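Novice: Before we start, here is the structure in question, set down as structure tokens.
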Amino acid sequence: MTNPTPREQPQILETITTLLISTKTPQQLQSLKPYIPHLTEPLLLSLLRSRTLASHPSTLLSFFHWAQAHIPLLSQTPRPLLTLLPSLFSHNKFADAKTLLVQFISSDSQNTLHRLILHPDDAVPRRCKALLDTSIGAYVHVGKPHLAAQLFSKMKKLRYRPNLLTCNTLLNALVRCDSSHSIAMCVDIVRDAIGLGVTVNTGTFNILIYGHCLENKFRDAVDLLSKMNEFGCQPDNVSYNTILDWLCKKGKLSEARELLMDMKLRGVLPNRNTYNILVFGYCKLGWLREAVQVVELMTQGNLLPDVWTYNMLISGLCGAGRMEEAIRLRDEMEKLKLVPDVVTYNTLINWYFEGNDDSKALELLEEMLERGVRANEVTHNIMVKWYCKEGKMDEARDTIRKMKEEGFAPCSVTYNTLINGYCKAGKMEEAYRVMDEMFRKGLDMNTFTLNTILHAFCSQKKLDKAFTLFHTSVERGYILDEVTYGTLIMGCFKNENPDKALELWEEMKEKQILPSIVTYNSIIGGLCQSGKTDQALDKLNELVTTDLIPDETTYNTIIHGYCREGLVEKAFQFHNKMVEKSLKPDVYTCNILLSGLCSQGMLEKARRLFNTWISKGKDIDAVTYNILISGLCKERRWGDL
């Protein structure tokens, strides 16, 4: 680029200014091409701050776009942009200004614009309220709300009053940030905005309510409903529905009912969304009668249920195994002129498959397609799951091919289902290929995928392959969890390698991966099977020092271990401890003890246990009788049979 001499610069500036003023269309800007070599940054800044051109914002904007295309410098430094913006602001071209800011910020990896706005140099115009307001919106738009918050702090320092829209936009972004300080920051911003003279509205409070709910601070959210009055605001449906939604999702239905009463007392009429939230909450807990009562309340308030309402009820009925009622509800929809959608059909099809009524599920699928309801990715995933369950892996693959042809991208759920199917079919090479395909496609490689394949390898006693996968899992993008370790620990015990199992146990604890009760039961069971019941007892003692509580499986496992070692008295001691802990011995406990007694030739004690068990009305099964009969036969006590 040729730098013009000091004598040439005013002349070039005047010539370009004259050309720009006479320009009527963007195409006429091509006449500026000969001047490109002379357009240095100082000359560009002079043009963009020209008083003559300041009254022609559209011309300046067209020139800026033209210059961006021909002069790379413009995309690398924020000064030309900051010099142009005052002209746009003075002519209310805020949308154009924000678009330019968003474009620059999107490629500004070093945040040079942000630093220059906070600490301007002599080459750029003085900061104004409009620049900070618009920049906050732009930084929020590109997903950088914390940088936007710093600009808000600068506005506060300069005593600039932000627009209400700016405040609410910033708040709405901050509450959704994955940070434990988000809601605290939002509360501070609202307090500062009020101090700067901003008149907050119900929308402002609704954002704060949502933020408190995100952090499970329901009491704080409810308190804001009353606080609104202090600022001339009234809660609306959104205010209440936000809290109701979170209460229902957390299963706090009694609190939700109280809030609904408060809503009505304040004169805020529940809308369809309010009732749908309650229907969802009740259905989630399996309280179908209450869900139906909510629907009755809707109709009494002249609010007809919609497709979403019916879909929730149908899902609840299906989950409770009440399929005929679910179908009747689907038929009722049609009487109300509500058209069952793909969600309706997916729910019914999935649950019929789950209930092993495959013919009804396929009949509904055919009906759905005949009625013009297009299958979606969930429909395809349901079919993939069914084919895998049936061991029809070729058909499952064919469904995925059709899925792609119909414009749906298979997701992690699709591939995980396929991997699970191949593992159950013993086709581990295919499972590996699918896992590699997931990796190539950049899909979420969740731990479920890893654990599924590890479980299959361990079940087939292919521990070498399981450990090869385990040792390369982190570089493949997997996060190891307690199920991962628990699966391998069980695999080691099944392969009669208790030392390796204990080594994995220690490794898991070193990595601060907390075992669950299932994992504790696995290692206790493995040690008992390996004849190391005393070591299993050590693990039980370790378990009781944690927040976990031993269950029936824990005690049954140790009882079984002692019986296997012929230590029946110790087994009965643990049975007594089990009862002391208010745990209920079941038929499995009885069978373990009977087997232990019979194997030691203690038939009289076995018969007494059997009679005592029956006299207490406890369940027994065919195994119970078989153990006792086998014991009597072994001792040749034919007369007692």
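Novice: Taking the condition touching a Ser or Thr at 6+ places or on another chain (Cβ under 6 Å), surrounded by 17 or more Cβ atoms within 10 Å (Cβ to Cβ), under 24 Å from Arg126 (Cβ atoms) and touching a residue at least 12 places away in the same chain (Cβ under 8 Å), does Leu45 pass?
Specialist: Yes: the conditions hold for Leu45.
Novice: Name every residue in segment 205-231 that is within 20 Å of Leu174 (Cβ to Cβ) and among the hydroxyl-bearing types (Ser, Thr, Tyr), in order of residue number.
Specialist: Tyr210
Novice: Sticking with this one: Write out, first by first residue and then by second, each pair whose Cβ atoms fall under 8 Å of each other, whose residues are 6+ apart or on separate chains, and whose first residue, in segment 577-588, is in a helix (DSSP H, G or I) while the second is surrounded by fewer than 12 Cβ atoms within 10 Å (Cβ to Cβ).
Specialist: Filtered contacts from segment 577-588: Val587/Asp619; Val587/Asp621.
Novice: In addition: What pairs can you find where one residue is in segment 504-528 and without any contact (Cβ under 8 Å) to a residue 24 or more places away in the chain, the other is in a helix (DSSP H, G or I) and crowded, with 22+ Cβ neighbours inside 10 Å, and their Cβ atoms are less than 6 Å apart, with a gap of 6+ or different chains?
Specialist: Note: pairs meeting the criteria are Leu504/Tyr485; Leu504/Leu488; Leu504/Ile489; Trp505/Ile523.
Novice: Looking only at segment 429-446, count how many residues are of a type outside the set (Phe, Trp, Tyr), under 11 Å from Arg476 (Cα atoms) and in a helix (DSSP H, G or I).
Specialist: So the answer is 4.
Novice: So which of Asp96, Asp108 ends up being of a type in the set (Asp, Glu), over 18 Å from Leu29 (Cβ atoms) and buried (at least 17 other Cβ atoms within 10 Å of the Cβ)?
Specialist: Result: Asp108 is the single residue among Asp96, Asp108 that is of a type in the set (Asp, Glu), over 18 Å from Leu29 (Cβ atoms) and buried (at least 17 other Cβ atoms within 10 Å of the Cβ).
So that you can scan it fast, the table gives a plain yes or no per residue for (1) surrounded by fewer than 19 Cβ atoms within 10 Å (Cβ to Cβ); (2) touching a helix residue (DSSP H, G or I) at 6+ places or on another chain (Cβ under 6 Å); (3) on the phi < 0 side of the Ramachandran plot; (4) not assigned by TED's automatic domain parsing to the domain that holds Tyr282:
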{"site": "Gln300", "(1), (2), (3), (4)": "yes, no, yes, no"}
{"site": "Leu317", "(1), (2), (3), (4)": "no, yes, yes, yes"}
{"site": "Glu325", "(1), (2), (3), (4)": "yes, yes, yes, yes"}
{"site": "Val342", "(1), (2), (3), (4)": "yes, no, yes, yes"}
{"site": "Asn350", "(1), (2), (3), (4)": "no, yes, yes, yes"}
{"site": "Lys360", "(1), (2), (3), (4)": "yes, yes, yes, yes"}
{"site": "Leu365", "(1), (2), (3), (4)": "no, yes, yes, yes"}
{"site": "Met368", "(1), (2), (3), (4)": "no, yes, yes, yes"}
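Novice: Restricting the search to segment 491-503, which residues are surrounded by fewer than 21 Cβ atoms within 10 Å (Cβ to Cβ) and assigned to a helix (DSSP H, G or I)?
Specialist: Selection gives Lys494, Pro498, Asp499, Lys500, Leu502, Glu503.
Novice: Given Ile558, Ile614, Ile549, which one is farther than 30 Å from Asn497 by Cα and not small (Gly, Ala, Ser)?
Specialist: None of the other options fit; the residue is Ile614.
Novice: Something else: Out of Lys570, Lys509, which single residue is part of a helix (DSSP H, G or I), among the basic types (Lys, Arg), touching a helix residue (DSSP H, G or I) at 6+ places or on another chain (Cβ under 8 Å) and at negative phi?
Specialist: Result of the check over Lys570, Lys509: Lys570.
Novice: Restricting to segment 24-39, count the residues that are small (Gly, Ala, Ser) and closer than 15 Å to Leu13 by Cβ.
Specialist: Counting residues in segment 24-39 that are small (Gly, Ala, Ser) and closer than 15 Å to Leu13 by Cβ gives 0.
Novice: Let me ask something else. Go through segment 114-130 and give me each residue that's in contact with a Leu (Cβ under 6 Å, 6 or more places away or on another chain) and part of a helix (DSSP H, G or I).
Specialist: The one that is in contact with a Leu (Cβ under 6 Å, 6 or more places away or on another chain) and part of a helix (DSSP H, G or I): His114.
Novice: Residues that are in contact (Cβ under 8 Å) with a residue 40 or more places away in the chain and not assigned by TED's automatic domain parsing to the domain that holds Val279: which helices (runs of 4 or more DSSP H) entirely in segment 216-268 hold 3 or more of them?
Specialist: In segment 216-268, there are no helices (runs of 4 or more DSSP H) which contain 3 or more residues that are in contact (Cβ under 8 Å) with a residue 40 or more places away in the chain and not assigned by TED's automatic domain parsing to the domain that holds Val279.
The values are calculated or read from the model by the stated rules, or taken from the named source; none is laboratory data. Treat the numbers as computed from the prediction; the structure is a model and nothing was measured. Cβ coordinates were reconstructed from backbone atoms using ideal geometry, including for glycine residues, and neighbour counts include every protein chain displayed.
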